[in-house]
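Presented below is the structure to which this report refers.
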Amino acid sequence: MSLTELAAQVQSQSQSARSLSEAALARLEAASGLKATAWCVPDAALIQADALDRLCGMQKDAGPLAGVPVAIKANIAVEGMPMDCASASLQGYKAPATARAAYLLQNAGAVLLCGANMDELAIGTTGQHSVHGATGNPLAPGHVPGGSSSGSAALVAAGVVPLALGTDSGGSVRQPAAWCGVVGAVGTWGRVSRSGVMAHASSFDRVGVLSQSVADAALAMEILSGPDSQDASAAERDLPVLLKAASSGVEGMKIGVLKQAQAMADASVWEATQATVEGLQSQGATVKVLSLPELELALPCYRVLAAVEAISNLARIDGMRFGLKAQGEGFHQALAQARSTGFGPGVKERLLLGSYLAEHSADLVEPSRRLRAFLKLALFQLLGQVDAIVMPTTPGLPLAVGQQDGGTSDAFTVLSSLAGVPSISVPIGRVQGLPVGAQVLSRLWDERSAFRLAGAMESL
Amino acid sequence: MTQPNPQPTSWKPVIGLEVHAQLNTRSKLFCPCSTSAGDTANKALCPVCMGHPGAMPRLNAEAVHLAMRAGLALGMRIHARSRFDRKHYFYPDTPKGYQLTQHAWPICTSGQLHLRKGEELVPFVVERLHLEEDSGRLQHDEDHALGDWNRAGVPLIEIVGAPDLSSPEEAEAWLRMLHRVLVAADVCGGAMEKGELRCDANISLQPPDGSPGVRVEVKNLNSFRAVRKALQHEVERLGGLLDSGEHLVSETRTWTGEKTERLRLKDQAVEYRFLPEPDLPDLVLNDGMVGQAVNTLPGLPPLDIHLLRSDDDTLAKWMKAFGLTREQVAVLTRSPDVANFFGQCVEAGGKPDQVAQWIQRDVTARLNERSVALAETPLRPNHILELQAGLDEGTITRAVALRILDWVMLRGGDIQGLVAIQDLGRIHDASRIQALTEQVLTEHPEQRAAYLEGHQERFGFLMGELRSASKGRIDPSDMKTALTQALEPKA
């Protein structure tokens, strides 16, 4: 059932918001083995649900998401709820106010049911680095769900909630969506407010949605889009009409395929993606092969720049004002204690890298900034020749638990991150029994084309 | 390593000042917290200025406006596009782990400040002016450090002067001039004792061959005097070291009030890892915003912005236009509301020198006494004009005029009404004056006797008594006449 239908049932009182939330809480309980949640306060969820039911009882409009239970990634603030970002360093920290994105969902009638587990401080691609435990993949037991929005993807994939908020810097919404067989979407950087979201790499960070269907993601993105007085980078733009686009077909659309992606992807993943492209062709889209010889530089470029921003954004975690309480003689010793006990190995590795890079900024960071500008322009040029680009979301299949890939699963998702263009990952079936996704990239502010194409991919 | 030993006088001081000025805004630079939290620690805090997860900065337009205005007053280039950077260092006074400042692209560059050298006006280059946020304050005792973050995020402008000052005295004069321009432009309160204006100095002693000397930075110069004294101390200290052939090292020192002490060597300096602030778009100014800053430069009546750029031009124009002395103009242009008030009085028909005297002598003293700004009092130009008219026409005495000034500066009101209701008019009637005089002499027979025995100074005492008895309503010349007559030995 789509979110629209679900909300209509709640609005017409043929189903109560309370019953939806209670059912979701029961599923959450049943799926506790997934370790997909970071927090859950059932009473708080049921109070929201009851309020919505009263509203519906009074024939008042409860919103386009009336009664829909949603999960919120643990780095997105929900007032009064823990916001530990799955890090020991922030244990005990409760959000002083609700993030704009979560507020907009709530305002549209959604019930903020629980916090979703994640890779610590949004650094990671496996969902295995968290104080709340390693998250499982409901569709591929024994395999990781991907990350960092691991819990969001797992909760949607397991059918616990139909919609979850995630954040995506280098692929943290789209990569776990692909590996868990759900839809993951991010709009143009600046489309959705980041206020109330713990920053990881701000110039890449985007709030995105994970859902069972493209239409659900489209509806959620419509609700989330718009300016925010608390986030100067959230743009004043015409709000996109996406829900309709998701079902309007691809007749006449021009699709680009990056030929360099073939060499970087597993053959089986590439074949699955090609089959999708052919399917789109059969529905009336035309295909153009595009060339981006520098595609393999996207990942190292992202890694350098994201690490440098991460050390800046995480500098505020000092054990002085919130989270883990620092102990030690004098400020610097206490600081070192708080950070060395508070951060897990993945975060520490990133911080060491970022610190090294920042101290050699002219040699290491500046070239990456120039490279980013170049890749951005190159991608804009390619997107100027087509309506959207379709490529595998990840080069490979979901990793088995314990398997290492050196973090290369973001190699394709970082392209949209570097340029800030919309991107949606859509499940395109299974390869060797494991979920696979393909992603669409469209021009800046043109989420519409991405959703059109994503909708068609889903219906293949 | 020994260096040649030139004459002590051949070392040439090269000095540049860096000034942090707190902007007169109501709220902080990136959040709506108040900038005037007073003495209660940690009263004006929010998730943004405390660096909470997810809190994002929003630039205060008022601060941008004031920074532009300061730039205009210093004749600087205002840049249509500037940007904020994060300057990183770990210290509890900086909650985010970085300070937001304009490192690479400041809002203003290349201005000047003029100082008078003899008959000449000498321009000194102001290299840059940029916006940044203040940090919190820490207090240490034996076991603890206590933090107060009320000032964390308060808007500052940092003004960097070129190293072209050649003596501690010149540096002090430069800072005084900068202070006056910023206060006159109504950008900064200027109270150095409250930290509204803070100064650091860079100094090196240049060898006779003109090669650059080793640079020392002196921090914590929180008064004009401290700037001069600390730099004099450094000139002497560095000169002494050089004369004895010592090899100097680049370092940062602090002024203790009596001497400078080393804080750290420059090669121990931290790497700040500057990062363009991704949460704030570039600061783009349009003509309208710059125009507004131009138009709101305080309306010092006979001034325009060109005059504000150079303090000595202002002085000259005012001196010429109103026939005032340099000192009078200095007092009148010290703050925009005083300058405005003067202009209004003159416009309403006051004589410039008389109005200037009122302001310089009587009004300023009362403002200082109560630590208030002129604009905060109910004093109006017509009050000064009516008091002056009362003196000119002989309807009130100066002593009464000052009492009325006290009153109207506290409560406002109508002067003629006050005079009538409280019976403050000057006593002209000779018989009444004589009666009051006799009364005073009768009350103080011993003083009278002492005077008659030759103790001349007792005359002053008796004058004072007569002033009290008459509530100041007799003119001093009338009192003198009456008292002299009454004290004359009876024929």
Tilt relative to chain B, helix B:311-322 - C-alpha long axis, 0 to 90 degrees, to 10: 20
Contact order normalised by residue count of the stretch B:371-463, Cα under 8 Å, 6+ apart, percent: 23
For q = 0.06, 0.08, 0.11 Å⁻¹, Debye-computed log10 I/I(0) when each Cα of chain A counts as one equal scatterer: -0.23, -0.41, -0.80
Per residue value of the accessible surface for the protein assembly as shown (all protein chains in place, 1.4 Å probe), Å²: 41
Global form of chain B, assessed from the alpha-carbon gyration tensor, a/c cut-off 1.5: prolate
Pair residue B:393, residue B:166: separation of 7 Å Cα→Cβ label points (nm): 5.9
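Relative contact order for the stretch A:53-121 using alpha-carbon pairs under 8 Å, separation at least 6, rounded to a whole percent? Could the numbers behind the result be given before it?
Numbers: 121 pairs, mean separation 27.3, N = 69.
Averaging sequence separation for qualifying contacts and normalising by length gives 40 percent for the stretch A:53-121.
Greater than 26 Å separation of Cα atoms is the criterion. Which listed pairs, A:35/A:94; B:12/B:266; A:35/A:60; B:43/B:96; B:229/B:266, meet it? Don't skip to the end; give the middle numbers.
Numbers: A:35/A:94 20 Å; B:12/B:266 22 Å; A:35/A:60 37 Å; B:43/B:96 18 Å; B:229/B:266 23 Å.
Result: A:35/A:60 exceed 26 Å.
What are the trypsin sites (Lys or Arg not before Pro) within the stretch B:32-79 that DSSP puts in a loop, where the Cβ has at most 14 other Cβ atoms within 10 Å?
Those that pass, being in a loop and sparsely packed, are B:43.
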List of the stretch A:326-365 residues, accessible area with partners at least 40 Å² below that of the chain alone (1.4 Å probe): A:331, A:359
Rough spin-label spacing in nm, given labels placed 7 Å along Cα→Cβ, for residue A:377 and residue B:105: 1.7
Rounded, prolate or oblate (a/c below 1.5 giving rounded, otherwise prolate when a/b exceeds b/c) for the stretch B:12-295 by Cα gyration tensor: oblate
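Check each of the GluC sites (Glu not before Pro) in the stretch B:114-152 and keep only those in coil by DSSP with at most 10 other C-beta atoms within 10 angstrom; list them in order.
Working: sites: B:119, B:120, B:127, B:132, B:133, B:142; in loops: B:119, B:142.
For GluC sites (Glu not before Pro) across the stretch B:114-152 that sit outside H, G, I, E and B with at most 10 neighbouring Cβ atoms in 10 Å, the list reads B:119, B:142.
Kindly state, as a whole number, the per residue volume in cubic angstrom of the convex hull around the alpha carbon atoms of the stretch A:3-246.
Numbers: hull volume 26.6 nm³, N = 244.
That works out to 109 Å³ per residue.
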Residues with amide H under 5 Å from that of residue B:23, placed H, sequence gap 5 or more: B:156, B:157
Aspartates and glutamates whose Cα lies under 13 Å from that of residue B:194, excluding same-chain neighbours fewer than 8 positions away: B:39
Portion, in percent, of the accessible area of chain A that falls on carbon or sulfur, probe 1.4 Å: 53
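Express the carbon and sulfur contribution to the solvent-accessible surface of chain B as a percent, rounded to the nearest whole number, probe 1.4 angstrom. Walk me through the intermediate numbers first.
Numbers: 11730 of 22950 Å².
In chain B, the share of accessible area belonging to carbon and sulfur is 51 percent.
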Cysteines having no other Cys beta carbon under 4.7 Å from their own, within the protein assembly as shown: A:56, A:85, A:180, A:301, B:31, B:33, B:46, B:49, B:108, B:188, B:199, B:345
On Cα atoms only, tilt of B:168-184 relative to the major axis of chain B in degrees: 70
C-alpha center-to-center spacing [the stretch B:177-208, the stretch B:28-87] in angstrom: 20
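Restricting to Cα pairs below 8 Å that are 6+ residues apart, what does the relative contact order work out to for chain B? Please round to a whole percent.
Details: 879 pairs, mean separation 73.1, N = 491.
Result for chain B is 15 percent.
Sorted by accessible area (1.4 Å probe), largest first, how do B:370, B:411 line up? Before the final figure, lay out each step's value.
On the way: B:370 70, B:411 145 Å².
Ranking B:370, B:411 by accessible area, largest first, yields B:411, B:370.
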Cα gyration tensor shape of the stretch B:115-269, rounded if a/c is under 1.5, else prolate or oblate by comparing a/b with b/c: oblate
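Give me the accessible area buried between chains A and B, both sides summed, with a 1.4 Å probe, in Å² rounded to the nearest 100. Working shown, then result.
Values: alone 17080 and 24300 Å², together 38760 Å².
The A and B chains share an interface burying roughly 2600 Å².
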Residues residue A:268 and residue A:370, FRET efficiency given R0 of 25 Å [Cβ-Cβ distance, rounded to 0.05]: 0.10
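The values are calculated or read from the model by the stated rules, or taken from the named source; none is laboratory data. Just so it is clear, the model here is predicted, and its values are computed rather than measured. Here Cβ is always computed from backbone atoms with ideal geometry, including for glycine, and neighbour counts include all displayed protein chains. To get the accessible areas, we keep the full protein, side chains included, count just its heavy atoms, and leave off ligands, DNA and RNA. Shrake-Rupley method; radii C 1.70, N 1.55, O 1.52, S 1.80 Å.
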